Amino acid sequence: MITKKIFYTLFACVLIAGTVSAQTAKQKRADKYYESFSYVKAASLYEDLAKQNMANDQSLKRLADSYNHTGNYLKAEEWYSKLYKENKADAEETYSYAQVLKANGKDNEAELVLQKFHAIKGSDSRAVEYIKKKTEIAKLKSEKPYFLVAGIQGNSVEADFSPTFWNDKVLFVSGRNHSLANVTTHTWNDKPFLNLYVADRDANRNLTEIKKFEGHVNTKYHEGPSVFTKDGKTLYFTRNNYFKHKYNKSTKGVNMLELYRAVNKDGTWTTDKLSVDNDEYSVGHPALSADEKTLYFVSDMPGGMGGTDLWKAPINADGSIGTPLNLGAPVNTEGNEMFPYMSPDGVLYFSSNGHLGFGELDVFAAQPSKTGTFAKVMNLGAQVNSGKDDFGFVLDKDGRFGYLSSNRDGGAGDDDIYAVTAMRPLKVSYMVKGVVYEKGTTTPLINANIEFKDAKGTVIQTVSTNESGAYEFEVEPQLNYSLAGTKEKYFGGENKFNTNELGDKTELTKDIYLEKDPGLSLFALITDAKSAAPLEGVKVSMEDEFTDETVNFTTPATGDFRKPLSGKKIGDEIVYLIKLEKAGYLTKTVAFSKKVDKAGEIKVHEALDMTMSKLEIGGDLAKMIDIKPIYFDLGKYAIRKDAAAELDKIVKIMNEYPTMVVQLGSHTDCRSSMASNMKLSDNRAKSSAEYIKSRIANPERISGKGFGETKLLNGCACEGTVKSTCSEADHQANRRTEFIIVKM
């Protein structure tokens with residue numbers, strides 16, 4: 001349960017410079033062992049010092065870390081607990097304490113320690129994620145697993161881990177040693193150095209016919225996680241910094257891990273180092289993109305986020321490696337990310353102790369975005385992950401079967417390889433989240449009703465906001481949606497969006513603001529002038545003449561609209577210019593003014609004519625727009641100022657409807673002779689028509705004709721011997737000008 005620790009603690013170890021004065025010989029030896037990664041020997045000496053009350057704070061911290069590095073989580077818990085209870089644990093030791101508590105099955109205690117970690121280092125991404133997702137692990141434990149995990153045959157009592165596929169075979173890392181004549185061990189744990197082994201796999205995915213990988217790749221030092229190209233002729237692998245029989249160390253005396261490439265040419269493997277290697281930091285755990293043009297790997301090189309990070313670098317056409325790029329958040333954390341694997345569909349699988357998990361290393365999947373970055377990190381959940389270290393995850397080319405490495409309880413003795421079977425597809429949840437607020441305030445509205453609709457307006461789901469006024473819905477990428485919020489005593493609110501806004505994110509924030517109904521609103525019913533039926537689809541433009549604010553509506557089937565009088569009080573003067581437009585109807589503009597004298601609804605249609613007239617052959621524009629009588633001086637037909645003002649209304653309409661053809665008809669009453677009335681009305685009609693012609697495009701669209709007294713409306717005749725008893729008002733009704741639509 002300790003060997004693979006070498007492959008990630010070497011990346012992340014920090015040597016503490018300086019010593020404490022008056023050290024004992026035992027403490028000096030313990031420090032020497034610790035600084036050379038001989039953690040088993042270091043732990044033994046540090047524990048002796050602790051039991052003799054001779055261990056300083058640094059020694060106690062190193063004692064706890066030594067047990068953690070070697071996978072002895074019970075002993076690590078014992079000493080982290082002592083540091084924690086004595087308030088001597090810093091942020092990293094507090095986080096490590098929480099991890100070993102989880103590894104030992106003490107989730108409730110780990111929760112309390114993580115709360116303390118958040119209090120110490122709240123800006124740390126691990127602390128932020130803990131607060132954001134602290135209920136997620138319990139949910140993952142109860143959900144249907146993504147993968148089933150089963151034990152297989154072929155594991156040894158030593159470490160076996162990080163399998164990778166090589167054609168129909170499996171290559172993996174192991175501490176087993178088939179030649180006992182010359183066993184080389186590592187001072188870290190007195191275990192054999194790790195080598196690469198190859199095995200067949202049977203129908204149950206057991207590892208059979210196991211033997212060391214041939215081709216002079218294995219050395220007397222560690223060989224570790226590796227990956228083959230698809231043709232099986234190139235192997236990228238991890239090894240100690242040992243090349244051409246030279247064992248290299250950093251300036252601090254540490255032998256780091258490096259990446260190597262072995263190429264098979266005519267049956268002979270030729271090995272070379274990669275340009276990303278450096279004596280001063282470790283590089284390893286290779287993975288290849290599906291097109292094999294990008295190398296993914298792990299390193300603690302400068303420029304990372306903390307601990308070990310995942311990096312990528314282009315593989316150039318000549319085989320050289322380009323400039324490394326850190327994958328950044330959300331993949332990397334201040335903890336350790338390692339053991340990457342890239343699936344054929346571009347999903348990055350890796351292990352981490354920095355993301356919120358079940359304890360120690362968990363396996364995560366990072367879904368790719370359209371820009372080539374990774375949008376969301378998902379914990380693979382129960383079965384794959386345990387309280388112990390889970391890592392070295394890999395799938396076959398179909399993504400249905402694969403392997404996993406773990407030191408979970410019940411194994412053959414150390415890290416073991418397990419078979420995994422996909423049970424359901426991985427799915428990234430894209431979310432829209434938000435809060436419903438009272439408009440103009442920061443007050444969240446509880447129990448507001450939110451309808452989540454698709455592009456057609458169909459309601460997909462309805463929820464009520466929680467105690468924080470919040471809501472959330474799962475969305476799909478590249479689609480239009482809308483959110484409609486309602487609450488009693490508030491006007492409805494809406495928020496429309498397209499999930500293209502997600503970009504590389506997995507969450508959109510769309511707040512909704514509902515305006516409190518103060519009890520004041522304008523209400524209008526728009527009807528057909530002839531039938532009095534409500535008109536649907538009328539475009540209403542309403543301009544506040546005091547603020548110049550314009551609002552727009554479209555009437556529903558009920559033909560009405562309501563405008564909340566936001567910010568208005570009883571006693572305020574309101575003035576609105578209201579424009580009504582509908583295809584096939586004459587556009588109408590009315591001005592509405594009123595002093596608000598009581599709360600509630602103000603019915604505009606009770607004060608103004610809110611009917612609309614259909615534009616149809618035979619219709620009289622004079623009636624549609626309520627033109628005042630057009631007056632001429634007695635016996636004259638020159639256009640007066642007051643008449644011009646009314647004719648200008650016709651000019652405006654005809655310019656708005658450039659295909660409208662109108663006949664202007666002038667009528668008189670019965671008084672005076674019939675011939676005189678006919679001549680006078682014809683002159684007045686033609687004079688009025690000429691006035692309009694000079695002001696419209698295509699002036700032939702209007703003509704003038706006099707009808708004299710030939711079309712009396714009310715029987716008020718008085719020619720010859722006929723004497724009229726009609727009133728002046730009756731005669732006035734016959735004196736009129738009509739503007740009849742003859743063509744549209």
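The values are calculated or read from the model by the stated rules, or taken from the named source; none is laboratory data. Since the model is a prediction, treat every value here as computed from it, not as a measurement. When we count neighbours, we look across all protein chains shown, and the Cβ atoms used for this are built from the backbone with ideal geometry, even at glycine.
Descriptive notes on the structure:
- Figure legend. Inter-residue proximity from segment 381-392: first residues under 12 Å from F364 (Cα atoms), second residues surrounded by 23 or more Cβ atoms within 10 Å (Cβ to Cβ) and of a type in the set (G, A, S), beta-carbon distance below 7 Å, spacing 6+ or different chains. Indicated pairs: N385/G357; D390/S351; D390/S406; F391/S351; F391/S405; G392/S162; G392/S405.
- Scanning segment 692-737 for residues that are assigned to a strand (DSSP E or B) and surrounded by 19 or more Cβ atoms within 10 Å (Cβ to Cβ) yields I702, G704, G706, G708, R736, T737.
- Residues that are more than 32 Å from the chain's Cα centre (by Cα) and in a loop (DSSP other than H, G, I, E, B) were ranked within segment 392-413; the one that is surrounded by the fewest Cβ atoms within 10 Å (Cβ to Cβ) is G410.
- One residue stands out in segment 371-418 among those that are touching a Pro at 6+ places or on another chain (Cβ under 7 Å) and among the aromatic types (F, W, Y): the one that is nearest to K169 (Cα to Cα), namely Y403.
- Scope segment 611-638; condition surrounded by 18 or more Cβ atoms within 10 Å (Cβ to Cβ) and farther than 19 Å from V661 by Cβ; matching residues: T611, M612, I630, F632, Y637
- No other residue among S681, S672, S688 is modelled with pLDDT of 90 or more and within 17 Å of E709 (Cβ to Cβ) apart from S681.
- Within segment 268-383, strands (runs of 3 or more DSSP E) holding 2 or more residues that are crowded, with 18+ Cβ neighbours inside 10 Å: 283-288, 294-299, 309-314, 337-342, 348-352, 362-368, 374-379
- Close Cβ contacts (under 7 Å, 6 or more residues apart or on different chains) running from residues in segment 590-605 that are more than 10 Å from Y576 (Cα to Cα) to residues that are among the charged types (D, E, K, R) and assigned to a strand (DSSP E or B) comprise K595/E573; I602/K594.
- Residues of segment 414-465 that are farther than 24 Å from L502 by Cβ, of a type outside the set (D, E, K, R), part of a loop (DSSP other than H, G, I, E, B) and in contact with a Leu (Cβ under 9 Å, 6 or more places away or on another chain): M423, L445, A448.
- Residue under evaluation K139, criteria (1) over 30 Å from K376 (Cα atoms); (2) of a type in the set (K, R); (3) not assigned by TED's automatic domain parsing to the domain that holds V384, criterion not met: (1)
Residues are listed down the side, and each one gets a yes or a no for (1) aromatic (F, W, Y); (2) farther than 30 Å from K743 by Cα:
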{"position": "T547", "(1), (2)": "no, yes"}
{"position": "L565", "(1), (2)": "no, yes"}
{"position": "T587", "(1), (2)": "no, no"}
{"position": "F592", "(1), (2)": "yes, yes"}
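- Residues of segment 27-58 classified as touching a Leu at 6+ places or on another chain (Cβ under 6 Å) and hydroxyl-bearing (S, T, Y), total: 1
- Count of residues meeting criterion [among the charged types (D, E, K, R), in a strand (DSSP E or B) and surrounded by fewer than 16 Cβ atoms within 10 Å (Cβ to Cβ)] in segment 582-610: 4
- Residue identified as modelled with pLDDT under 95, within 21 Å of the chain's Cα centre (by Cα) and crowded, with 16+ Cβ neighbours inside 10 Å among V436, V428: V428
- Residues satisfying the stated conditions in segment 474-483, i.e. touching a residue at least 40 places away in the same chain (Cβ under 8 Å) and farther than 15 Å from K505 by Cα: Y481, L483
- Top-ranked residue in segment 506-530 [being of a type in the set (K, R) and surrounded by 15 or more Cβ atoms within 10 Å (Cβ to Cβ); ranked as nearest to S541 (Cα to Cα)]: K516
- Cβ-Cβ contacts under 9 Å between residues 6 or more apart (or on different chains), taken from a first residue in segment 628-642 that is small (G, A, S) to a second residue that is outside any loop (DSSP other than H, G, I, E, B) and crowded, with 17+ Cβ neighbours inside 10 Å, are listed as G635/L680; A638/S687.
- Segment 245-268, residues that are within 22 Å of K220 (Cβ to Cβ) and out of contact with any strand residue (DSSP E or B) (no Cβ under 9 Å at 6 or more places or on another chain): H245, K246, K249, G253, V254, T268
- Within segment 538-553, the set of residues being among the hydroxyl-bearing types (S, T, Y) and assigned to a strand (DSSP E or B) comprises S541, T550.
- Breaking point among (1) modelled with pLDDT of 90 or more; (2) out of contact with any strand residue (DSSP E or B) (no Cβ under 8 Å at 6 or more places or on another chain); (3) of a type in the set (A, V, I, L, M); (4) closer than 21 Å to V540 by Cα, for I578: (2)
Condition check ((1) buried (at least 18 other Cβ atoms within 10 Å of the Cβ); (2) part of a strand (DSSP E or B)) across all residues:
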residue	(1), (2)
E209	no, yes
E214	no, no
V217	yes, no
D231	no, no
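- Some residue of segment 73-94 being within 31 Å of the chain's Cα centre (by Cα) and farther than 19 Å from E334 by Cβ: no
- Counted residues, segment 152-163 - those being touching a Pro at 6+ places or on another chain (Cβ under 9 Å), surrounded by fewer than 23 Cβ atoms within 10 Å (Cβ to Cβ) and farther than 14 Å from K212 by Cβ: 0
- If the condition is being touching a Phe, Trp or Tyr at 6+ places or on another chain (Cβ under 6 Å) and either among the aromatic types (F, W, Y) or closer than 16 Å to D279 by Cβ (or both), then segment 223-255 contributes F228, F237, R239, N240, Y242.
- Flag if V475 is β-branched (V, I, T), surrounded by 11 or more Cβ atoms within 10 Å (Cβ to Cβ) and touching a helix residue (DSSP H, G or I) at 6+ places or on another chain (Cβ under 6 Å): yes
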